[in-house]
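Remarks on the structure that follows.
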Amino acid sequence: MGMSKLRQILGRNVRLVRKRLRLSQEALANEAGIDRTYVSGIERGLRNPSINLLERLSAVLGVSPADLLAETPPANEEGPDESAPSGS
């Protein structure tokens, strides 16, 4: 049996938000108190994190746990849309 659709969604959303924040996997792992390889496994949909870890990851990433599990990727709440023109 293939990997869970929900784990794939979680992995995509963790990676998306992490990259928006310009965090490395190592920085996210350190802040969440886990190993970098575990973050990699989550992002690839191979790991099944606990609810407690989901809560820690969402706190570090500044989104709700529900955002990390949503089929629609979380909105960019940290600043202007990357496609928006920047003001000088």
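The values are calculated or read from the model by the stated rules, or taken from the named source; none is laboratory data. If you're wondering where the values come from, they're calculated on a predicted model, not measured in any experiment. Methodologically, a virtual Cβ is constructed for each residue, glycine included, from the backbone with ideal geometry; neighbour enumeration extends over all protein chains shown.
Among the conditions (1) modelled with pLDDT of 95 or more; (2) not hydrophobic (A, V, I, L, M, F, W, C); (3) not in a helix (DSSP H, G or I), the only one that S58 does not satisfy is (3). Of all the numbered requirements in (1) in a loop (DSSP other than H, G, I, E, B); (2) surrounded by fewer than 17 Cβ atoms within 10 Å (Cβ to Cβ); (3) modelled with pLDDT of 95 or more; (4) of a type in the set (G, A, S), G45 misses one, and that requirement is (2). Selection of the range 1-42 for residues being in contact (Cβ under 8 Å) with a residue 40 or more places away in the chain, part of a helix (DSSP H, G or I) and more than 12 Å from the chain's Cα centre (by Cα) yields only L6. Checking the stated criteria, A75 turns out not to satisfy the condition of being outside any loop (DSSP other than H, G, I, E, B) and either among the small types (G, A, S) or modelled with pLDDT under 95 (or both).
Can you tell me which residues in the range 45-58 are without any contact (Cβ under 8 Å) to a residue 40 or more places away in the chain, over 13 Å from I34 (Cβ atoms) and of a type in the set (A, V, I, L, M)? I51, the sole residue that qualifies.
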